[in-house]
Amino acid sequence: MLGSGLSVLASLPRQLQHGIEVPQSTPAMPWLLLYPRVLPRFCHQLDFSTSGALCVALNKAAAGSAYKCFKERLVTKAYLALVRGHVSQSRMSIRYAIGKNTTEGMTHMMCIEGTEGCENPKPCQSELIVLEHGSYSGDPVTKVLLQPLTGRTHQLRVHCSAIGHPIVGDFTYSHRQDSNPYRMMLHAYYLRIPTGKELIEVCAPDPFVTAMDSNWVPQHVTQRLEDVIQELKDKGTHKEEEEEEEESQEAAREEGAGGEGSREETEEQRVQCEQWLAEWALE
């Protein structure tokens, strides 16, 4: 547990049945049993089949601190994935708007704008960086780092499918064809949350290495993961410095004008925050 009242869990799927040894400290639920009197609040979500870093707030103050970071888009999240085929471009910005699929039999899915039955599509953006080309069980695949700049449901899965490179093991967005792998190859690798009390920055161990899954055979390195993560860290630091400078200038303007208080929130933002924090209220 960190001093801010936030804790980060590193969750890996149940791989023991596939002959892969996973440390007992990795699953999330046994860890939560250590805090039986704490009602945690998950600060963000991962799809059921996605492994990796997940931030949990252990008190109301921590929840509010995390909410502020997410609301002001100061949080950096990056995922590792294996996708089908060899992605030709080293970097891509994927900007398909995503909406709810209302087609009968597909209502559990999301879809890109223009798809028949696509309801209420909203602008979305994902960044893709190619790390390695290789093969999985003999089929060509690419190891990529994905950064969602918006937060639509299933966004990374839908965007990868839309560019013709669905995530390995994603049965839902591969037209129900990719059922052989034991899991969906999507992993929340990097999480950075600059709270007021401290910087929370974690990397959940990379599961897409041959030592953990011999089906994955890398053949060519395009960019080193360490270099890409350092680039994200530098961008995050720069963004935080700009935010601090903006807040300092605004405080100076308010002081000069004899005003009080900080930036006003919209009514919608206030309601959202109150609803988000209300789950901490004790009955």
Which three extents, in whole angstrom, do the alpha-carbon atoms of segment 69-133 cover along their principal axes, largest first? 38, 36, 17
Cα-based shape type of segment 72-179, given that a ≥ b ≥ c are square roots of the gyration tensor eigenvalues and the cut on a/c is 1.5: oblate
Rounded to two decimals, what is the ratio between the C-alpha radius of gyration of segment 44-89 and 2.2 N^0.38 Å? 1.59
Principal axes of segment 129-220: Cα extent on each, largest first, Å: 48, 30, 22
For residue 126, the net charge from surrounding residues (Cβ-Cβ under 15 Å; K, R +1; D, E -1) works out to +3
Nearest 0.05, what FRET efficiency do residue 95 and residue 214 give at R0 = 45 Å with Cβ-Cβ as r? 0.80
Sites residue 221 and residue 71, calculated FRET efficiency, Cβ-Cβ separation with R0 45 Å, nearest 0.05: 0.75
Check: segment 135-225 dipole with +1 on Lys, Arg Cβ and -1 on Asp, Glu Cβ, in debye: 220 debye
Added length on full extension, which subtracts the Cα-Cα distance from 0.36 nm per residue, residue 171 to residue 139: 9.9 nm
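Readers should treat all values here as calculations from the given coordinates under stated rules, not as data from a laboratory. Note that the coordinates shown come from a computational prediction; the quantities given were computed from them, not determined experimentally. All Cβ positions, glycine included, derive from the backbone under ideal geometry; neighbour counts span all protein chains shown.
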